[in-house]
Structures are given as C-alpha cells and as structure tokens.
Ligand SMILES: Cc1cc2nc3c(=O)[nH]c(=O)nc-3n(C[C@H](O)[C@H](O)[C@H](O)COP(=O)(O)OP(=O)(O)OC[C@H]3O[C@@H](n4cnc5c(N)ncnc54)[C@H](O)[C@@H]3O)c2cc1C
C-alpha cells in the first residue's frame, strides 16, 4: 500500500502550504477569550473563502473551489499545523448548510450559503432534548400549523454554539398521531427570533460551549421548512451522516506529546518514562495510535479514489475518544502534583492534557455515544441482528413517554 501523495495531490499540498505560510494568523491563540477567538476565526474564514480554500468540495458558484474530498483532507491537514483559529464553523458548514443545500429552495440557498462560507453568519444544530438524545426521534418539541406559519414550543439542550449563532436547523414533532420517526419535520430558524431563549450551560472546564434553548410560541414561515412535513427524520439523517464524518477523530494532545511529557518529568532516579506500569500503557497506546493512523489512511485512500469512506469514521471516533481520555488521565498521574496546575502560562503543553481530561468525556458522547456507535458497527458492518425496537410502529402519542 502506498500512502504517499500522488503527483497531483503533492502539487496541491505545496500550493496550500505556501498559501497558509503567507496568510495564516501568526499571533498565539492561547489565553484569548471566546469572544476574541470568534473575531479572529471570522476574519480567518473570510480570508480562506476569498482564496477559495473554505469548503473546497463545494461548487464555485456557492463559494467553494469545486475541488475533491482529498484536497479538503490535504488542506485541513496543513491548516492544523499552522494553529489557525478553528471550531466555530464546523457544525454550520459541516452539517447545517449541507442540509440546507439538500432541501431548501433556490432563494434560501442563495441567501444563506455565501454568508456561511465567508464566516459572516454561524449556524447551530438543534436536535437533542432532555429526553431525546441517542433516541432523537423521541423528541417532544412541537410545531403546530397556523395558516402560512408554524408555532414552535418546547426545549432543546446541548446546543453547541447557540449563544453566538445567527441561525439553526431545528427538528420538531408536527404529527404525534403517527410513529415517532414519521411525525417529524425540519425547519431553519433565526436564533434571534421572538420567543427563542438561549441559556448557556456552565461546564466543569470553566467554559460554556453549549446551551439550553427554549421555544415559546416561536413563529416560523412555512417557507422555512426543509423537506416535506413528516420527512424530518430523512432530513435529519443527512445532517447526522455529515456529523459522523465531521466528528471523526478526537482532537487533543497525542501519544507523542505524552511521551515528551514522560521524558521531561523526573521520577525516582530517572524520568517517568522508566516506570514499568507506564511503559506498558504506552505500548498499548502506541499500537492503538498506529491502528488509528492506518484506519485513517484507509478512509483517505477511499477519498483519493473518489469513493465514500465506510464505517471507519465510527470506529475511529470510539477508539480515539477513549484513548484521549485514558492518555489524559495518565498524563496527569505522571505529572503528579504538577498535573494540578491548569494555568496555560506555566503548565506543560499549555495545559493541553488538563483540558482534555475535562473535554474527552464529552467527546465520547457527542455525535453518537460509544454504545450507539457500537450498535451501528454491529448491525450495519458485522450484520448482527438489530436491536429490538418495540416502539417502532406505535403512534408517538401512545408511547408511555409520548405525552
Ligand atoms: C460536546 C457535546 C456537544 C453536543 N452538541 C450538540 C449539538 O450541537 N446539537 C445537538 O442537538 N446535540 C448536541 N449534543 C448532544 C448529543 O447528541 C447527545 O448528548 C447524545 O446523542 C447522547 O444523548 P443523551 O445525552 O440524551 O444520552 P442518552 O441517549 O440518554 O444516553 C444515556 C446513556 O445510555 C446509553 N444508551 C442510550 N441508548 C442506548 C441503546 N439503544 N443501546 C445501548 N446504550 C444506549 C448511551 O450510550 C449513554 O451511555 C452534544 C453533546 C456533547 C457531549
């Protein structure tokens, strides 16, 4: 197997690298507030869009480059090396706008796609509710038709970025008289509309990345509907397929950085690297990291050949999120009393391991929990019998939780 770039890919990589070296922001990002990072991220997104490096695979008329998926992978790999501000646009451009492009009318696409690509407007995804996460089709937020409008009431939760987002896609129940998957409808919504209240959730990391969102008699026009009434589940699947691809692997400190920390940390006569129990864990993570790397290469090879990657994204997410969590805890053990220091100015690697201890548990839940992804792999990849779904054919209103 040859994992090297083809001549064409190497030429694109060189071009992307040269552009990034000349244009990427040079100022360090650590220590900046979310508001400051947002300003920098919007400016960076606008710059990429002007040079046709934002949304590389999208058609040129929609602000993309008309490029290939492998070019997008190459650009993202190179962009990750320059430390540019990231994260604010992943949900909007990775999941919401592809859904809008698939289901909205031409006028809606013309209004929203360009500003999203240029980073002028940000989108969020409003699916999960207090009683509907893994089983999102069990959601209760409802929309009732009133002439040419719909009136939405209910609550969403864990909505990443809702506090700075301009628009969102919201999945609601429009028909409780049919089976739970069949009574759903998707709308796009203005996050500043009357009746929408966003309440940030304070996280143990000190940040507030996600929110509760309440809807009280929020009026949306029928023209804001994405797909037919009752077709919301099919529309949501388009969003969720893009989510699994986007969430893909864990971002955070890696095996090599753990090795550096252990090498630099004194223990007994030498360094933490000489501890037998630690070395055994390291060997396991090395094997996992190599497995993940080769699995990722398999996806990239599929993209390079113009194919769609298979279930590797789910496997990659389960392994990498669990590995990140275990490695981060081990790193804090290795650092002993210094592991308690979370001030980025003085902690090793700007406290990357301290932050990922707090973040990695959420990564095992976001975009499908470990158990849900294992169900998907067992049913769709290994062909094992499906989970028993007793509520599949019952009307939503007749479910014990349906009222
Ligand atoms: C960092 C982060 C960001 C998020 N961002 C968003 C967002 O922007 N928009 C949004 O809509 N949502 C978002 N979510 C919510 C996320 O999609 C849900 O948390 C997730 O789907 C799990 O749902 P839940 O929290 O309700 O847990 P539950 O579904 O209640 O699961 C509880 C436990 O039961 C297990 N379980 C559930 N069903 C099964 C089953 N059938 N078989 C075996 N085990 C099962 C789960 O694995 C889990 O361990 C985010 C979550 C996180 C952590």
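Key figures for this structure:
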read-out: Entirely in the stretch 179-267, the strands (runs of 3 or more DSSP E) that have 2 or more residues that are free of Cβ contacts under 8 Å to residues at least 24 places away in the same chain; value: 196-200
read-out: Where a residue in the stretch 356-377 is more than 20 Å from residue 236 (Cα to Cα) and its partner, wherever it lies, is assigned to a helix (DSSP H, G or I) and near the ligand (Cβ under 8 Å from one of its atoms), with Cβ under 7 Å and at least six apart; value: 364/370
read-out: Count - residues of the stretch 189-202 that are more than 18 Å from residue 146 (Cβ to Cβ) and in contact with a strand residue (DSSP E or B) (Cβ under 7 Å, 6 or more places away or on another chain); value: 6
read-out: Extreme residue, nearest to residue 110 (Cα to Cα), among residues of the stretch 45-69 that are within 19 Å of the chain's Cα centre (by Cα) and part of a helix (DSSP H, G or I); value: 45
read-out: Yes/no for residue 340 being more than 24 Å from residue 128 (Cα to Cα) and more than 16 Å from the ligand (Cβ to nearest atom); value: yes
read-out: Pick from the stretch 159-178, criterion part of a strand (DSSP E or B) and out of contact with any helix residue (DSSP H, G or I) (no Cβ under 9 Å at 6 or more places or on another chain), ranking: farthest from the ligand (Cβ to nearest atom); value: 170
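A quick yes/no check of all residues on (1) surrounded by fewer than 18 Cβ atoms within 10 Å (Cβ to Cβ); (2) within 15 Å of residue 212 (Cα to Cα); (3) within 16 Å of the ligand (Cβ to nearest atom):
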{"site": "87", "(1), (2), (3)": "yes, no, yes"}
{"site": "90", "(1), (2), (3)": "yes, no, yes"}
{"site": "99", "(1), (2), (3)": "no, no, yes"}
{"site": "102", "(1), (2), (3)": "yes, no, no"}
{"site": "123", "(1), (2), (3)": "no, no, yes"}
{"site": "130", "(1), (2), (3)": "yes, yes, yes"}
{"site": "148", "(1), (2), (3)": "yes, no, no"}
{"site": "156", "(1), (2), (3)": "no, yes, yes"}
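We did not get these values from a lab; they are worked out from the coordinates using the rules stated. Bear in mind that the values here come from a model prediction, so they are computed numbers and not experimental data. A quick note on method: Cβ atoms are made from the backbone with ideal geometry, for glycine too, and the neighbour counts reach across all protein chains shown.
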